[in-house]
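Below: one structure, written as C-alpha cells.
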Amino acid sequence: MKEFNLENAIVNWVKVLHKQQGLEPGFIEELESNLRDRIEDYLEEGLSEQEAFQLAGEKTMPTPECLADEYHKARTAGNKTPPWRRKPSLLSKLPMHFKIGIRNLNKRRIYSMLNVSGLAISICASFLIWLYVQEQRSYDQHFEDAERIYRVIFDVDYEDVKAAQADVGQPVGPTLKADYPEVTEVARLRRIGATNTLASPDNSIESTDFFVADDQFFKVFSVELSSGNPETVLSQPNTVVISEELAMKFFGRTDVVGNTLKYSGLRPPMDVMITGVMTNLDKHTHLPFQALISYGTYFLESDLSNWLRKSYTYVMLNEQNNIESLRAKIPDFNRKYLDQVFEKINARGNLLFQPLTSIYLDDDYLGEPYPHGNRGNLKILTAVMVFLLIMACINYVNLATARSVDRAVEVGLRKTLGSSRLSLFSQFMSEAVLLALFSGILAIIISLPLLPYYREITGSGLDVQGFLVLENIGVILLVSISIGLLSGFYPSVYLTSFTPKTILKGRFSSSKKGAALRKILIISQYVLSSILITWILTVTAQIKYMKNKEVGFDKEGLIELTIPDDQTAMKNIDVFIRRVNALPYVRAAAKTKEDLSTYYPSGAQRMEGPDGLPVNTNMSAISVGYDFISAIGASIVKGRGFDRTVPDERAVMINEAAAKEYGWEGRELEVKYLGLDREGKVTGKWKVAGVVSDFKFGESYVEKGPMIIYLDNRTIPESNLLIGLDSEHLETTLLEIIPIWEELFDIFPFEIQLIKEKLDAIYWREQTFLNLLTTVCIIVVFITSLGIIGLISFTTEIRKKELALRKVVGASLKTIMGLLSRQFVILLIVASLIAIPLGYYITDQWLMNFQLHINFSIWPFLLTLGCCLIFTVLALSYHAFQAAKANPVEALRSE
Amino acid sequence: MAYKTLVAASTKPLILSILSHGKSYGYQIIKNVENLSDGELSWTDAMLYPVLHRMESDGLIKSEWVIQDNGRKRKYYTITEKGREERKVTRAQWMNVNAALNLLWGSSPQLELG
C-alpha cells in the first residue's frame, strides 16, 4: 500500500472540485482553505493525517455536485434547475449549437454562400419538379369515383398490324351496359373534325375543345352545372352545354341558358341552344372540354347502330369495381358482336379497358383527342429530382470535409476541454441542419421568381398563392432538414474522429481518405455534367437530322385541307381540284385518306411475280386519288401514274424499294397484284401501272420500305385534300386558292395545315425531352460549377502559405497557375475518360430508338471537355491571380 | 438538531450578528455558531459558503484574502454598513417573534379562544 500523503490528497480533492460545473475557482480556493482548517483541528485532536483528511473532507463536501447545487441555490434563490442537473438532451443544446453554427457560417462566408446557394437551387428545382410530377399524376383524379371509370378502346388487328384505337363503335357502350351487370353507366363523346367553331352574334371561337356528347355524359363524369339539369341538358338535338369560361367570352355573363350559338364544324352551320353551364372545370384532365353539343345534333339514329362509326366511350362500373370479371367476359363479347363486324374489313377486334386515371400518362392510341403526358418523362424527372438532391448532398459533404483542416483545431480544442465525441457530433449535425434550413428558406424565395417560367414550361396554372401554401412550405423545410441530417452525417463522423494530440501538435493535414473522396465526388459531377451536355447535343442533332431528312416528297410545298362533311360541298370537290390544278405554281391537288404525318406499318399483300408465280409480300399500303404522286412531289420512275382518262382503271403502283426487295427490277410492269376474297381465292389480277420513287410518311427516321399504292378517288367526308405547290410562291398561291374555296364552299372556313409543320410536330416528344434535358443540364452544370469553385477556393486557401513562400523565392504567376491547375486538369481528364464510354453507351441507347440516326461522334465530348476546362481554368485563374498578387507577408506572418 | 427551515431562516441573522463583532472566516463562523448553540446548530460547509457568497454579492458583507504567517490564505469577511442596517431589521423581527413566544409560554397569556 502506498503511504498516505496529505498534500497529494488535498490536491486531488481540489481537482475533483474543478471538474464540477458551477464551482468557480474562487469558491474552491475558499473551500480548500476551510478543509485545511478542519484538518488542522482534527490533527490537534490527535487523529492521523489520513483520518483527519477523510473526516474533514466529509464535513466540507458531501459530493461536488451537492456543493454546486448549494451555490446555485444561494445564487438564484432556488428557482432554476442547475445546468448540471438538467437532462443532457439534444434539444437543450440546440440553441447553443445553432449559435455556434451561425458563427461558423459567418466566419467562412464564401463557403457558406456556395453551400447554401447550391443546396437551395437543388431543393428549389427538385421541388418544382416534384410539383410537376404530382400535377401530371393528378390528371382525372378529380372526377367522383374516378377509379371506377374506364375508357373502352379497340385493339384492332388489321392484316397482322396491331393498332389500338382510342375510340370504339357507337353500339359498344350501350351493348356492354345491357349485357353485363358490372357496367352501370356509359357515356360517349366525340370531336367532329379537327376543330369546331361556336359563334355568338359578335364573337366567334374556334377550338379543339368542343365535343358532341350523349345524354348519359354527366352520369359518368361528375361535372358541376351552375344551371341546367344534368339529366336532360343533352337529350335534345341542337342543344349545347358550355363552360362558364366560354359563357363569359361570348356573353360576358354566366346565366346564358336559353341563348343560342351558331355551331359549325364539318356540317353547315346550325343554331344550338344553350341548356346548361358547367362550372369549376378542372383543367387536369385528358378531356379538357369547354362545350358539349348534344349527340342528336350530329348523329342520326342509324349512326348509333353502326359499329364502325366511332366515339370515345367511357363506362362506369358498379361499386364492386370488378374489372377483371368484366375483362373475362370480353372474348364472349368479341365473338358475339365484333367478329362479324371486323370480318368485313379483314381484321379482328378486341375490347380493352383503360382506367380513366391512367389515360393521361399512357401511350397515345390512334385517334386520341389530345396529345398525352409521358410517363417515361416523369420517371426521368423523378430520377433527376433524386439525383439533384443527392448532388446537393455530395457538394455539402465535399465542402464540409474540405474544411476539415479549418475545423480540426476547433475539434482538438473542444476535445481537450472535455467535449465528448457525441456532443461534437451533434454540434456538426446542427450546423448541417441549420445550413440546410437556410437553403430551404432560400429555395422558397428563389422559387417565386421562377414560377412564371415554370408555368411556361409546364403549362401549369400554379401561382404564388397556390405555391405558398403551408403544405408546400412544410415539405420544403422537412426535405431541407432531412438533407441536412443526411449530408451532415459523414462530415460529422469524419470531423469528430480527429485525435486532439495530432491536431494540436500541428501535424494534421487533410487526410488522404477525405481528399480522395472529394476527388471522386467532383469527378462524378464532371462526368454527369459532360454526359448531360453530350446527350443534349446529340438529341439536338438528331432532331435536326430528322426534321431535315429528305423523305422523298416535298415537305415544304404541301398543304392539307379537310373535305367538308356535306353533300353539296362534296360534289364541288372535283371542280375545286380542277380549278386549283390550273393555277400557276400548283403542281397538283389530290384527294387521299392518308395522313402524311402517320407512319404506315407494312402488311401482307399477295402479288404475282413477272414469272407468273405468286409472291407473299410485306408492303405498306396507301390509297390515294389521281395526281397524288405529282402533288407530293415524288416522281414516276417507270410506267405511268393513275390515269383519269382510263375508264375503270384497275391498276396499282409500287415503289422502287418494293421492286428491289422482291427482285422485280427491270420487269416491274409485268408484276400483278392479286385481289383475294375471304377464303383466299384470287378474284382479280391488277397490273402494276408504274413505279414511283421512294417516299416515306410519318417519322423520317424509319427506312423507306416497300410500298404499294391503290387508287381511291372517292370523295370521302373528313378525308384530306393535298395541294402541292411551289414553296417559294406559297403565299401568293394561297391568295389565289382562297377565292376558289370561298366561291365553292362559302360556309366552310378555309383552314389549311402545312405538312412541314405537321411533320415537325411528330418530334414534339423528342423536343419536350430536349427541353427537359436542357433545363436539368443547366441546373446540374450550375451545381457542379459551385462545387468546383468551392473546391478551388478551398485548395488555394490551404495552400496560401505554400504559394506565398513560392512567391518569395521567385515563382511567377504562370508557375502558380500551373501548380494549381494541375490537380484539376487531371481530375477533368479522368472524368472525361469515364464520361466518354458512359456517354457513348447512353446516347447510343437513345439513338437506337431511331432506325435512321446520326452517328455517335466524339466532338460533343471534346466540346464539353473544352468548356469544362475553360471554366475551371477561369475559376482557377481568379484565385491564382489573387494568390499571386497578394503580399506574401500577409500570408506568412500569421504564425 | 434544529429544524431545517429554522436553520435556513436563522443563518443570515447569525452570520450578520457574528460579523458585527469583528471580522471572521467561514470555518470560524461555523465553530462559533456551534459553540453558541451547544452543538445544537451544526452548519455544514456546503451550506455556509454559498450563503456567504450570496450575502457578499448582495452587499451585506465584504471579503478579503489574508495570507497567514504559515503562508496559507484565508478569506475573511467583514460586515458592511448595509449589513448593519439589515442586522437591525432582522434583530427587531426576531425579538418580536421571541417576545410573542415568551408570552405564550408564560403563566397566563392573554388569548381570545373558542
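The values are calculated or read from the model by the stated rules, or taken from the named source; none is laboratory data. As the structure is a computational prediction, the values presented were derived from the model and not from experiment. Neighbour counts are summed over all protein chains in view; Cβ atoms, including those assigned to glycine, are modelled from backbone coordinates with ideal geometry.
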From the list A:Ser492, A:Ser423, A:Ser487, which residue is surrounded by 14 or more Cβ atoms within 10 Å (Cβ to Cβ), modelled with pLDDT under 90, touching a Cys at 6+ places or on another chain (Cβ under 6 Å) and assigned to a helix (DSSP H, G or I)?
A:Ser487
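How many residues, within segment B:54-65, are of a type outside the set (D, E, K, R) and facing chain A (nearest Cβ under 10 Å)? Don't jump to the end; show me each part of the working.
Our first condition is that a residue be of a type outside the set (D, E, K, R); within segment B:54-65, this holds for B:55, B:57, B:59-61, B:63, B:65.
Cutting the leftovers down to facing chain A (nearest Cβ under 10 Å) gives us B:55, B:57, B:63, B:65.
Residues meeting the conditions: 4.
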I need every pair where a residue in segment A:106-123 that is in contact (Cβ under 8 Å) with a residue 60 or more places away in the chain has its Cβ under 8 Å from the Cβ of a residue that is crowded, with 21+ Cβ neighbours inside 10 Å and charged (D, E, K, R), sequence separation at least 6 or different chains.
A:Arg108/A:Arg403; A:Tyr111/A:Arg403
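Any residue that is closer than 30 Å to A:Phe576 by Cβ and among the hydroxyl-bearing types (Ser, Thr, Tyr) - is there at least one of those in segment A:733-751?
Within segment A:733-751, the first condition is being closer than 30 Å to A:Phe576 by Cβ, and the residues that meet it are A:733-751.
Restricting the remaining residues to those that are among the hydroxyl-bearing types (Ser, Thr, Tyr) gives A:733.
Checking segment A:733-751: at least one residue is closer than 30 Å to A:Phe576 by Cβ and among the hydroxyl-bearing types (Ser, Thr, Tyr).
For segment A:167-189, name all the residues that are within 33 Å of the chain's Cα centre (by Cα) and modelled with pLDDT under 90. Before you say what the answer is, go through the steps one by one.
Quick first cut of segment A:167-189, residues within 33 Å of the chain's Cα centre (by Cα) only: A:167-168, A:187-189.
Once the filter is applied, which keeps residues that are within 33 Å of the chain's Cα centre (by Cα) and modelled with pLDDT under 90, segment A:167-189 yields A:Asp167, A:Val168.
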Near pairs, Cβ below 8 angstrom, 6+ apart or cross-chain, from segment A:41-70 (within 16 Å of A:Lys19 (Cα to Cα)) to any residue that is acidic (Asp, Glu) and at pLDDT 80 or above
A:Met61/B:Asp45
Give segment A:289-335 a look and list any residue that's under 37 Å from the mean Cα position of the chain (by Cα) and β-branched (Val, Ile, Thr), or say none.
A:Ile293, A:Thr313, A:Val315, A:Ile323, A:Ile330
Among the residues of segment B:23-53, the number that are closer than 19 Å to A:Glu32 by Cα and either part of a helix (DSSP H, G or I) or facing chain A (nearest Cβ under 8 Å) (or both) is 17
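When only residues in segment A:447-472 that are polar (S, T, N, Q), at pLDDT 80 or above and surrounded by 11 or more Cβ atoms within 10 Å (Cβ to Cβ) count, which is nearest to A:Thr775 (Cα to Cα)?
Pass one, segment A:447-472, residues polar (S, T, N, Q): A:447, A:458, A:460, A:465, A:472.
Imposing the further condition that a residue be at pLDDT 80 or above reduces the set to A:447, A:465, A:472.
Still in the list and also surrounded by 11 or more Cβ atoms within 10 Å (Cβ to Cβ): A:447, A:472.
Working: A:Ser447: 15, A:Asn472: 22 Å.
Applying the filter and picking the extreme gives A:Ser447.
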Over segment A:303-341, the set of residues closer than 22 Å to A:Gln170 by Cβ and of a type in the set (Gly, Ala, Ser) is A:Ser305, A:Ser311
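In this structure, is A:Thr297 among the β-branched types (Val, Ile, Thr), in contact with a helix residue (DSSP H, G or I) (Cβ under 9 Å, 6 or more places away or on another chain) and either assigned by TED's automatic domain parsing to the domain that holds A:Gly228 or surrounded by fewer than 20 Cβ atoms within 10 Å (Cβ to Cβ) (or both)? Let's see the steps before the verdict.
Numbers: among the β-branched types (Val, Ile, Thr): yes; in contact with a helix residue (DSSP H, G or I) (Cβ under 9 Å, 6 or more places away or on another chain): no; either assigned by TED's automatic domain parsing to the domain that holds A:Gly228 or surrounded by fewer than 20 Cβ atoms within 10 Å (Cβ to Cβ) (or both): yes.
So A:Thr297 fails the test.
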Within segment A:611-627, track down each residue that is surrounded by 18 or more Cβ atoms within 10 Å (Cβ to Cβ), outside any strand (DSSP E or B) and either touching a residue at least 60 places away in the same chain (Cβ under 8 Å) or small (Gly, Ala, Ser) (or both).
A:Gly625, A:Tyr626
Just checking, how many residues over segment B:1-41 are touching a helix residue (DSSP H, G or I) at 6+ places or on another chain (Cβ under 9 Å) and within 20 Å of B:Tyr77 (Cα to Cα)?
23
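What are the residues in segment A:243-258 that are outside any helix (DSSP H, G or I) and buried (at least 17 other Cβ atoms within 10 Å of the Cβ), if any? Give the steps one after another, and end with the answer.
Kept after step one, since they are outside any helix (DSSP H, G or I), are these residues of segment A:243-258: A:243, A:252-258.
Within segment A:243-258, A:Ser243, A:Thr254, A:Val256, A:Val257 meet the criteria.
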Residues located in segment B:68-82, provided they are part of a strand (DSSP E or B) and under 14 Å from A:Glu30 (Cβ atoms):
B:Lys73, B:Arg74, B:Lys75, B:Tyr76, B:Tyr77
Which of the residues that make up segment A:757-773 are surrounded by fewer than 15 Cβ atoms within 10 Å (Cβ to Cβ) and not charged (D, E, K, R)?
A:Ala761, A:Trp764, A:Asn771
